[in-house]
Amino acid sequence: MQNTLYTGDNLFILTGLNSQSVDLIYLDPPFNSKRTYSAPIGSRSAGASFKDMWTWQDVNEAYLENLIDKYPSLVRFIETIQGSHSKAMMSYVTYMTQRILEMHRILKDTGSLYLHVDPTASHYLKIVLDTIFGKENFRNEIIWQRIFGAKGSQY
């Protein structure tokens, strides 16, 4: 499936893709902002909304066994997040980890993964990525610098 863009929850799409078949993954997941976002009235998406709040019900329990069997130390790390941050963050990181495992499987050895996430979860997800992909495979970090006022954003 060359040049195909998928949207929505990618877990079930990922499980249907062949191993080592993807060159590039750009991941821009929800940020766990604890807000509900609604499409503006008058837009083509009017009436649609999205909750950016995470609970254990968002975790796919059918995929937990794979995580527990293959990455017990990662599971122990994720369990500590509840104590140091919150159960919602632990749920979010578990949700993301399940998908990152599948992304690792489908990504070619020469492929790249770009993850865009906010600072409240980036450090947790960096440890997840290091554990799954290997810390030696980390290449770089892109940081946005926001300047408020007339100057706008800088890259």
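The values are calculated or read from the model by the stated rules, or taken from the named source; none is laboratory data. This is a predicted model, so every value here is computed, not measured. Neighbour counts are summed over all protein chains in view; Cβ atoms, including those assigned to glycine, are modelled from backbone coordinates with ideal geometry. Heavy atoms of the whole protein, side chains included, go into the accessibility calculation; ligands, DNA and RNA do not. Shrake-Rupley method; radii C 1.70, N 1.55, O 1.52, S 1.80 Å.
Summary table
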{"read-out": "Alpha-carbon spread of segment 19-85, three principal axes, descending order, Å", "value": "49, 37, 21"}
{"read-out": "With every protein chain in place, the chain: carbon and sulfur % of accessible area (1.4 Å)", "value": "54"}
{"read-out": "222 nm mean residue ellipticity, helices alone, for the chain (DSSP H n ≥ 4; -39,500 (n - 2.57); rounded to 500)", "value": "-11500 deg cm²/dmol"}
{"read-out": "Distance from segment 8-62 to segment 82-103 (C-alpha centre basis), Å", "value": "14"}
{"read-out": "DSSP-defined beta bridges in the chain - what % are antiparallel, rounded to 5", "value": "55"}
{"read-out": "Trypsin sites (Lys or Arg not before Pro) lying in DSSP loop within segment 61-155, provided at most 10 other Cβ fall within 10 Å", "value": "R139, K151"}
{"read-out": "Histogram of C-alpha separations across the chain, 5 Å bin width, %", "value": "2, 7, 15, 19, 19, 17, 11, 6, 3, 1, 0"}
